[in-house]
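Read through the structure below, which is laid out as structure tokens, and then see the notes.
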């Protein structure tokens, strides 16, 4: 009998651990273009204490641990490159607290976006969280761990900016809390204690998030989306600037794509507007469509496509439909908004060179402080040649994002390497020291953010 | 190339100038109307070209069927007076491009229902009314091969219609259909009004959906239970191209026991849903559309309508939720008919 397997069974019970090849297969793949690597074990713990025990075991046996929530990063961040334990956190799915007045929710690490959305709609309809464009099985914790953004990114920033507190199992097995919860004062703020934020953006290489306190925001009675379209991509940055000046929008996205044909060569905006009454809504309509965008309509440079009440959440990409076989991966990068035209044009070039219908999108973060710009490449999962094409296009795009002074978001191994080549040497050295201090045996998601 | 059959002499001898004097969106007296329509006919600029909301109604108002609306949109293109901003026009033109392969041609050898570009509304043609009726354009991936293109009147782009429409007609004809029941007014108007007006041959007989429903209801007369609902009909722009079929609305309501409520904005005075108006280039278009919609819905409410009946999916998309918010149920005509014969309509909410 495999002693590690038996030890894992002792921790979580037989039904929550597997070393069967057909089940390990599931954890070997990402939905993107990353080459698969099979773990040796898949474990689905239920408690923080079980995670502590698993981590201690992994240290003792020098076995890698790869935590995953929904496993939907697409960038291969939860692919077990060196085998070991795939730590599936989906059973830790309790919503522990919703503080209505202070507007936050404390959730376990396996709580999904869809679960929280549905829970709030049923129990706290006047509260909402920033839901990303991922499928609803993506987790809250996984998303903040990769600095995700959602449909409240325009007014409130990254989802990781909305973290009020964290509970972490360190790579050596200790449990730490951060934020006001660490002094027993509730989970209402991350600040103002000494900053030890070492766990977001590290792709699970410095610890395992077990609990998150996430900020909630007012959910107005009327939530809807309006559309606006321009031909000239050069207009996109100034329109985003003007829209954010109104402080009346919840989500501002510009996109362009080759398929369906209606969107080809045009820049479409989707603009979320919310209100508690028709009076408030009309006021916002006037400010946004008539006063702010009216000049483009009158000059013929921009067109209003209407406003529809009701938000379809999440707005999941349909790009996987563009090629038989249903695969896609994207490079997302945090870019200055002013680079939108160049991002669009160069992205089209890359797509065309690789014979892939182009799909690009820029989501405004904050008051146009930045945007998440994504270049998406579709491929046929059953056709290695199209996967190779897409992978090449993705790598070229990683290079492009940095060339245009962007910062690659949730980079895969190739992108991490590019980023580390450019990182300030002292910063890189600090990352190395932090990693060595927190994870002396190098068990946490090895391959990712490895400073040589 | 196809040319619009427009006779300037008809306008010169016209004593009413109804085309423009009856326009619900412009205030024009008879003398001005005559002067402006002649300017347009001569290829000169006119405020009408700039202010037209493209509601199609003047096609119906013209007492001699001289196609004033087709003339206006042709001249909008010719004189580069686009009614919509350029990106909307480009978007609209690109929308009609088929991109998911060629259609599967099945020979019908008789009558068939053509869904046109509304293949995703197949749920509206269920039940005994449509039993046994072959349907073409069932596949949403291929529906743009059946797109009648007349929408581009709203875009002031008749050149696109003339370029694409003969190919669309050929595709339909390949099914070897003798009678094409058009799911949408717009297709019917295309084949019976626009094509003859510009000289495009149509090798099949087009049948209006309301005429078909009326005849089917008569066949199923014994199964009808009066619905006893007060209904308002949202007349779509393209029905102005087939005003000779408009009487079937009342005919159907009588058959199914629906009370056609007394309204101000009814029949020839019907108001546009506002879908096109809101996107227009003119100053204040969004508010203008909102005002039209408000007046329209208030009129339905004041008339005591319980149900708003649609035939046009675009009108439904634009106005459906608005009428629902005002306590009036939005429903397609086919669904209302199904309700009368004891079936559960697909879209009845």
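The values are calculated or read from the model by the stated rules, or taken from the named source; none is laboratory data. These numbers were taken from a predicted model, which means no experiment stands behind them. All Cβ positions, glycine included, derive from the backbone under ideal geometry; neighbour counts span all protein chains shown.
This table checks each residue for (1) in contact (Cβ under 8 Å) with a residue 40 or more places away in the chain; (2) out of contact with any strand residue (DSSP E or B) (no Cβ under 7 Å at 6 or more places or on another chain).
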residue	(1), (2)
A:339	yes, yes
A:366	yes, yes
A:390	yes, no
A:397	yes, no
A:409	yes, no
A:422	no, yes
A:425	no, yes
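Considering (1) in contact with a helix residue (DSSP H, G or I) (Cβ under 6 Å, 6 or more places away or on another chain); (2) in a helix (DSSP H, G or I), the lone condition that residue A:376 does not fulfil carries the number (2). Consider residue A:401 carefully, then state whether it is part of a helix (DSSP H, G or I) and under 16 Å from residue A:341 (Cβ atoms). When the stated conditions are applied, residue A:401 passes them.
Residues of the stretch B:107-126 that are surrounded by fewer than 19 Cβ atoms within 10 Å (Cβ to Cβ) and more than 18 Å from residue B:205 (Cα to Cα): B:120, B:122, B:123, B:126. In the stretch B:1-108, counting only helices (runs of 4 or more DSSP H) that sit wholly within it, the ones holding 3 or more residues that are within 30 Å of residue A:323 (Cα to Cα), within 14 Å of another protein chain (Cβ to nearest Cβ) and touching a residue at least 24 places away in the same chain (Cβ under 8 Å) span B:86-95. Being touching a strand residue (DSSP E or B) at 6+ places or on another chain (Cβ under 8 Å), more than 14 Å from chain A (Cβ to nearest Cβ) and more than 24 Å from residue B:81 (Cβ to Cβ), is that true of even one residue in the stretch B:217-226? No, the stretch B:217-226 contains no residue that is touching a strand residue (DSSP E or B) at 6+ places or on another chain (Cβ under 8 Å), more than 14 Å from chain A (Cβ to nearest Cβ) and more than 24 Å from residue B:81 (Cβ to Cβ).
Restrict the check to the stretch A:116-130 and report whether at least one residue is under 28 Å from residue A:361 (Cβ atoms), assigned to a loop (DSSP other than H, G, I, E, B) and outside the structural domain of residue A:310 (by TED's automatic domain parsing). So far as the stretch A:116-130 goes, yes, one or more of its residues are under 28 Å from residue A:361 (Cβ atoms), assigned to a loop (DSSP other than H, G, I, E, B) and outside the structural domain of residue A:310 (by TED's automatic domain parsing). Taken together, B:18, B:80, B:120, B:27 contain a single residue that is out of contact with any helix residue (DSSP H, G or I) (no Cβ under 7 Å at 6 or more places or on another chain) and within 25 Å of residue B:198 (Cα to Cα), which is B:80. Quick check on residue A:408: is it at pLDDT 95 or above, part of a helix (DSSP H, G or I) and touching a helix residue (DSSP H, G or I) at 6+ places or on another chain (Cβ under 8 Å)? Answer is no for this residue. Checked against the criterion of being under 28 Å from residue B:234 (Cα atoms), buried (at least 16 other Cβ atoms within 10 Å of the Cβ) and not assigned by TED's automatic domain parsing to the domain that holds residue B:235, the candidates B:133, B:153 yield just one match: B:153. Here the condition is being at the interface with chain B (Cβ under 9 Å from one of its Cβ atoms) and at pLDDT below 95; of A:309, A:299, it holds for A:309 alone. Could we say that residue A:265 is in contact (Cβ under 8 Å) with a residue 60 or more places away in the chain and either more than 30 Å from the chain's Cα centre (by Cα) or within 12 Å of another protein chain (Cβ to nearest Cβ) (or both) here? When the stated conditions are applied, residue A:265 does not pass them. Out of curiosity, is residue B:250 more than 14 Å from chain A (Cβ to nearest Cβ), part of a helix (DSSP H, G or I) and without any contact (Cβ under 8 Å) to a residue 60 or more places away in the chain? Here the answer is yes, as residue B:250 does meet what is asked.
Kindly indicate whether any position in the stretch A:316-324 is assigned to a helix (DSSP H, G or I), within 12 Å of another protein chain (Cβ to nearest Cβ) and under 23 Å from the mean Cα position of the chain (by Cα). Yes; the residues of the stretch A:316-324 include at least one that is assigned to a helix (DSSP H, G or I), within 12 Å of another protein chain (Cβ to nearest Cβ) and under 23 Å from the mean Cα position of the chain (by Cα).
Checking each residue in the stretch A:100-137 for being closer than 28 Å to residue A:248 by Cβ, under 19 Å from the mean Cα position of the chain (by Cα) and crowded, with 19+ Cβ neighbours inside 10 Å picks out A:105, A:113, A:116, A:128, A:129, A:130, A:131, A:132, A:133, A:134.
Determine whether residue A:385 is outside the structural domain of residue A:84 (by TED's automatic domain parsing), in a helix (DSSP H, G or I), over 22 Å from the mean Cα position of the chain (by Cα) and under 21 Å from residue A:33 (Cβ atoms). Answer is yes for this residue. The numbered conditions (1) in contact with a strand residue (DSSP E or B) (Cβ under 8 Å, 6 or more places away or on another chain); (2) assigned by TED's automatic domain parsing to the domain that holds residue B:17 are all true for residue B:57 except (1).
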